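K.L.:
Dropping a structure here in structure tokens format, bear with me for questions.
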Amino acid sequence: MGLMETIIKKVLEKGIIIEKTKLSGSVYKIRIQNDGIADYDFVPGHFLRLGVGIDQDEISLKDKVRSYSVWDIDKEKNTLDIAIAKHSQGIGAKWVETCKPNDTVYFKWKKGKFLVDDSADSYLMIGDLSALSHLYIINRNLPDNKQVKSLIYSQQSKDFFTDVDGLKPFDFHVMSENPFTEIILKLNSIIPEMKGDSMVYIAGDSRVCIALTNYFRKELNWSAKQIKTKPFWNPDKKGLE
């Protein structure tokens, strides 16, 4: 183990994988246990920086850590769940294929700004498979009186998975990669149905995030506070680039 790996392990928290479950054709659920989870001031929308390439000398430093959304948390049992899609075939996808219960993992909390916000009357959730677990936990933590519309897409229907309660509260669509034009056509019928003060969460492919943010701001004249955007991945980048 090199010096950098030693430093990474000292600055990250240590957890144990206690469960690994295949959720769909390309998604796994990983449950991690750590004694400090009960004391963490968690807000729905927080991420983990997870070490997935530690102790592998052939992997560059920027590829040793990946960010994953916290899909669920149980402070009584000191556990948290993340969902990892393997369709990208990147280092994270390779790691989730080989990891197993009782493996030690290293992680660090990442707060960010893509958090639950209950200040609007109606919500629109837009994202690809990489964003599904994140949008699920946001949706679960909105008050019941909020109106929620959604457009979740993937290239294959078998990729979609249920939320932790076994339900599928979102509308799923089979679309090609980077389907900006298709999404806009769907939005033309969805947005007029939204009531009161509205907010949109846009996540996943950076190309779609940028295009839709511009659409909402320039074409629909939505204000910045109405638009929450989080690019989870970029086809031209990897790791922490």
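K.L.:
Tell me yes or no: at least one residue of region 32-43 is under 20 Å from Lys230 (Cα atoms), modelled with pLDDT of 95 or more and not assigned by TED's automatic domain parsing to the domain that holds Ser130.
P.N.:
Checked against the condition, which is being under 20 Å from Lys230 (Cα atoms), modelled with pLDDT of 95 or more and not assigned by TED's automatic domain parsing to the domain that holds Ser130, region 32-43 yields at least one hit.
K.L.:
Could you say whether any residue in region 173-183 is in contact (Cβ under 8 Å) with a residue 24 or more places away in the chain and touching a Gly at 6+ places or on another chain (Cβ under 9 Å)?
P.N.:
no
K.L.:
Which residues, counting only those in region 94-109, are surrounded by 15 or more Cβ atoms within 10 Å (Cβ to Cβ) and in contact with a strand residue (DSSP E or B) (Cβ under 7 Å, 6 or more places away or on another chain)?
P.N.:
Result: Val96, Cys99, Asp103, Val105, Tyr106, Phe107, Lys108, Trp109.
K.L.:
If Asn178 passes every condition in (1) touching a Lys or Arg at 6+ places or on another chain (Cβ under 9 Å); (2) loosely packed, with under 14 Cβ neighbours inside 10 Å but one, which one does it miss?
P.N.:
(2)
K.L.:
State all residues of region 144-201 that are of a type in the set (Phe, Trp, Tyr) and either more than 20 Å from Phe232 (Cα to Cα) or in a loop (DSSP other than H, G, I, E, B) (or both); if no residue qualifies, say none.
P.N.:
Phe160, Phe161, Phe170
K.L.:
Can you give me the ranges of the strands (runs of 3 or more DSSP E) entirely in region 58-139 with at least 1 residues that are modelled with pLDDT of 95 or more, closer than 22 Å to Asn178 by Cα and not assigned by TED's automatic domain parsing to the domain that holds Asp39?
P.N.:
Qualifying strands (runs of 3 or more DSSP E): 122-127.
K.L.:
Moving to a separate point now. Mind telling me which of the residues Leu124, Leu132 ends up being in contact with a Lys or Arg (Cβ under 8 Å, 6 or more places away or on another chain), of a type outside the set (D, E, K, R), closer than 17 Å to Pro169 by Cα and buried (at least 19 other Cβ atoms within 10 Å of the Cβ)?
P.N.:
Leu124
The values are calculated or read from the model by the stated rules, or taken from the named source; none is laboratory data. Owing to the predicted nature of the structure, the values given are computational and were not obtained by experimental measurement. For neighbour counting, all protein chains shown are included, and Cβ atoms are generated from backbone atoms with ideal geometry for every residue, glycine included.
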